[in-house]
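The values are calculated or read from the model by the stated rules, or taken from the named source; none is laboratory data. Every value quoted in this text rests on a predicted model; they were computed, and no experiment measured them. Reconstructed Cβ throughout: ideal geometry from the backbone, glycine too, with neighbour counts over all protein chains shown. Areas reflect the complete protein model, heavy atoms only, side chains present, ligands, DNA and RNA absent. Shrake-Rupley method; radii C 1.70, N 1.55, O 1.52, S 1.80 Å.
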Amino acid sequence: MTGMALEAEFPMLRALERWSERTATGLAWLDGAGDVVWSNARWRALGGPAAGAWSVGFATRADAEVCLARARACGESVTLEQELAGRRVRLALEAGPDGVMVTATDITGELREIEALLRLEERWRFALDGAGIGVWDWDV
């Protein structure tokens, strides 16, 4: 089936393709061997390969294969965090009969915010301990 015939038969495919290129989530489809056969722009911007062997963020190709095997074996989504191109990314792998769909969400900013809140809490506790006073909070 040609692209035009496919588009006429399934008009939502073109809309889905446009949406996938605009989303803030990285998307990639891996074949049975674990090689990237399709990816969106955000996946590539996060440091994922456009095509070929998918071992980005793993120490070795074997580590990536173990993760893919785990996703295939459990039949559920497998979630992990990896470093990609200097950013912290949450990956979710969903295995299907013909391959694995990977979604990548940049959580670098979220982790920075959590670290900042923890530092503020630590400073607050240090100030209270140093002052030798207590705090009372009443939420009516």
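Across the stretch 105-118, what is the total count of residues that are open to solvent by 50 Å² or more (accessible area, probe 1.4 Å) and in contact (Cβ under 8 Å) with a residue 12 or more places away in the chain?
Here is the first cut: in the stretch 105-118, the ones open to solvent by 50 Å² or more (accessible area, probe 1.4 Å) are 105, 110-115, 117-118.
In the following step, the residues that additionally are in contact (Cβ under 8 Å) with a residue 12 or more places away in the chain were identified as 105, 111.
Number of matching residues: 2.
Here is a yes/no grid of residues against (1) modelled with pLDDT under 80; (2) in a strand (DSSP E or B); (3) open to solvent by 70 Å² or more (accessible area, probe 1.4 Å):
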| position | (1), (2), (3) |
| --- | --- |
| ALA33 | yes, no, no |
| TRP38 | no, yes, yes |
| ARG44 | no, no, yes |
| ALA69 | yes, no, no |
| ALA73 | yes, no, yes |
| LEU80 | no, yes, no |
| THR103 | no, yes, no |
| LEU120 | no, no, yes |
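Just to be sure I understand, how many residues within the stretch 1-23 are aliphatic (A, V, I, L, M), open to solvent by 100 Å² or more (accessible area, probe 1.4 Å) and modelled with pLDDT under 80?
Looking only at the stretch 1-23, we keep the residues that are aliphatic (A, V, I, L, M), and these are 1, 4-6, 8, 12-13, 15-16.
Filter once more, keeping what is open to solvent by 100 Å² or more (accessible area, probe 1.4 Å): 1, 4, 12.
Checking the rest, the ones that are also modelled with pLDDT under 80 come to 1, 4.
Residues flagged as aliphatic (A, V, I, L, M), open to solvent by 100 Å² or more (accessible area, probe 1.4 Å) and modelled with pLDDT under 80 within the stretch 1-23 amount to 2.
From ASP98, ASP137, which residue is under 24 Å from LEU27 (Cβ atoms) and open to solvent by 70 Å² or more (accessible area, probe 1.4 Å)? Walk me through it before giving the result.
Working: ASP137 fails: under 24 Å from LEU27 (Cβ atoms).
The match here is ASP98.
Look at the stretch 122-134 and say how many of its residues are open to solvent by less than 80 Å² (accessible area, probe 1.4 Å) and not in a helix (DSSP H, G or I). So that I can check it myself, show each step before the final result.
Just the residues of the stretch 122-134 that are open to solvent by less than 80 Å² (accessible area, probe 1.4 Å), to begin with: 127-128, 130-132, 134.
Restricting the remaining residues to those that are not in a helix (DSSP H, G or I) gives 132, 134.
Looking only at that region, the number is 2.
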